[in-house]
Amino acid sequence: MAKAKDTKAKSKTKKDFFEQSSMDFIKKYLDNASPTGYEANGQKIWLEYLKPYIDSHIVDAYGTAVGVINPDAEFKVVIEAHADEISWYVKYITSDGFIHVCRNGGSDHQIAPSMRVNLHTKKGIVRGVFGWPAIHVRTPQNEKKPETETIWIDVNCKNKKEVEALGIEIGTVCTFVDGFEIGNNGYWIARAHDNRMGGVIIAEVARMLKENKKKLPFTLYIVNSVQEEVGLNGATMIANRLKPNVAICTDVTHDTATPMMSKAAQGEATCGEGPVVCVGPAVHNILRELIVDTAKKHKLKYQLQAVSRFTGTDTDAFAFSNGGVPSALISLPLRYMHTTVETVHKDDVENCIKLMYEVLLKITPKTNFQYF
C-alpha cells in the first residue's frame, strides 16, 4: 500500500530582519572610532552603506552627512541621528611621561581606570591604558576617587620626549577600544550605541524604502549629525541649511529596569519593550500622536517618556530652528549609557526602524501640523 503523503505544513524559520550585509555594516560601524569633532571615518563607513539606497548626498563643512531621496520635492522631511561618541583629549603630559586628559563630551571618569585606549595621532593609533594604583596599596586614609584630575593614561614612556615622539600632543583625542558584541537573549553590546545605532536605524529605513520600492511625495533627508555630545552643534548647523518641514530624530534613552536606576526620576523604559516616544515641549504633539497611532496600527510595541523643558537631543535643535519645525523623538532603550558596555535589544532596534519607516509612509505635504 502506498505511503500517504505528509500534508502537514513544515514550520518555517522566521527570516532575520537584519541581513548579513546589515550585520557586517553594524559591526564595522560600531567598532570604528568616531569621537566628537573627528567623525569623518565613521561618516565614510555610514555613507558607503547608505549610497545604494539614496539619490544623492551632502556633506557639510563640519562633517554632518546627509543622504537625499527624491531631492526635487518642495516639502522636506528629515530623519536624524548623531554620529559622534564621547572621548578624551590629551590635556597635559608630565615630565615623567604620564598623560592627563579632559573630557570630549560626557566621558565618565569613574569607569576609566584599567581601560585600554587608542590615542589617535597623525602618525596613527598609539595604544595606552588608564592606570590606577593596585588595591594592595590603597588605604582608607590615602584612597582617592577617580576624577578627571586624578586619572591618567600610561603609554609606557619614561619621559615627555618619548611620549611626543609617538606623535602624542596636547589635543590628541583618545577613545576606549571595546567593540560590538552579540550578547545573550537578543542583546547587543558596544562601546558607542549612543548614538551610532541611531545611524544604523536611519540607514536601514532608507534600505527598506528602496527595497520596497516606495515613492515618497517629499524630499527625505537622512541626516547623521556631528557634535551632538558637546551641544547639538551639527544638528543646529544642518537644520538651518536644510530648512525641513518636519523632523523625526532618534537617539538613546536610559533603560530604568537595571539596579540603581530611579523610575521616579527617569521614568520607566525597558529594553525589549519597544521604542520610546518622547513627550515634551520640543516634541510636536500632532507628530507625536501620528507616531503613536502608527505604532498601534502596526502592532509595534512602544513606550512613552515625559521630559521637562528639553529632550537633551538633536530634536531640540531641529524643533526650534527656522521659526519652528514640527519635530519628534523616537528613542532606543539603552543600558549603561556612556560606558564601554552600552547594551540594547535587537528587537527594539528592529521596531525603531519599522516605526520610523511606517510613519514616513503616513506623512504627505498635506499633513496638517497646525494646532488651530
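Read the figures in this text as sums done on the coordinates, not as results from a lab. Bear in mind the structure is a predicted one, so any value in this text is a computation, not a measurement. Neighbour counts are summed over all protein chains in view; Cβ atoms, including those assigned to glycine, are modelled from backbone coordinates with ideal geometry.
Data for the structure
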read-out	value
Paramagnetic label zone (point 7 Å from Cα along Cα-to-C-beta, Tyr92; backbone N under 13 Å) in region 142-176	148-153
The chain: angle of helix 20-31 to the longest principal axis, Cα-based, in degrees nearest 10	30
Residue among Ile291, Ile125, Ile79 with the largest mean-square fluctuation in a Gaussian network model of the chain, springs linking Cα atoms under 10 Å	Ile125
Debye, to nearest 20: dipole size of region 266-319, +1 on Lys, Arg Cβ, -1 on Asp, Glu Cβ	200
Shape call, region 101-204: gyration tensor on alpha carbons, a/c limit 1.5	oblate
Candidates Thr150, Thr253, Thr219, ranked by Gaussian network fluctuation over the chain, Cα under 10 Å, top entry	Thr150
Whole-number D in µm² s⁻¹ for region 192-317, Kirkwood Cα-pair radius fed into Stokes-Einstein, 4 °C, 1.567 mPa s	80
Listed residues Cys271, Tyr357, Gly179: farthest to the positive end of the dipole of the chain (Cβ charges)	Tyr357
Whole-angstrom gap from region 23-59 to region 222-264, using each part's C-alpha centre	17
Thr250, Thr94 arranged by Cβ crowding within 10 Å, fewest neighbours leading	Thr94, Thr250
Principal axis box of region 79-120, alpha-carbon based, largest edge first, Å	49, 18, 15
Rounded if a/c under 1.5, otherwise prolate or oblate - region 268-360, Cα gyration tensor axes	oblate
Nearest-ten-degree value, helix 40-50 long axis tilted from longest Cα axis of the chain	20
Loop GluC sites (Glu not before Pro), region 54-133, which have at most 14 other Cβ atoms in a 10 Å radius of their Cβ (DSSP)	Glu74
Neighbour-count order for Lys346, Lys210, fewest beta carbons within 10 angstrom listed first	Lys210, Lys346
Lys/Arg +1, Asp/Glu -1 at C-beta; region 63-139 dipole; positive extreme among His82, Phe130, Asn104	Phe130
Nonlocal Lys pairs with alpha-carbon distance under 30 Å, region 88-176 (8 or more apart, or different chains)	19
Highest-MSF residue in the chain out of Gln266, Gln20, Gln141 [GNM, Cα springs under 10 Å]	Gln141
Helix 193-211 axis, angle to the chain major axis (alpha carbon atoms, nearest 10°)	30
Global form of region 262-315, assessed from the alpha-carbon gyration tensor, a/c cut-off 1.5	oblate
Dipole magnitude (debye, nearest 20) for the chain, charges at Cβ of Lys, Arg, Asp, Glu	1260
Positive-end residue of Pro281, Leu300, Pro333, charge dipole of region 237-359 with Cβ unit charges	Pro281
Rel. contact order, % - alpha carbon contacts under 8 angstrom, at least six apart, the chain	20
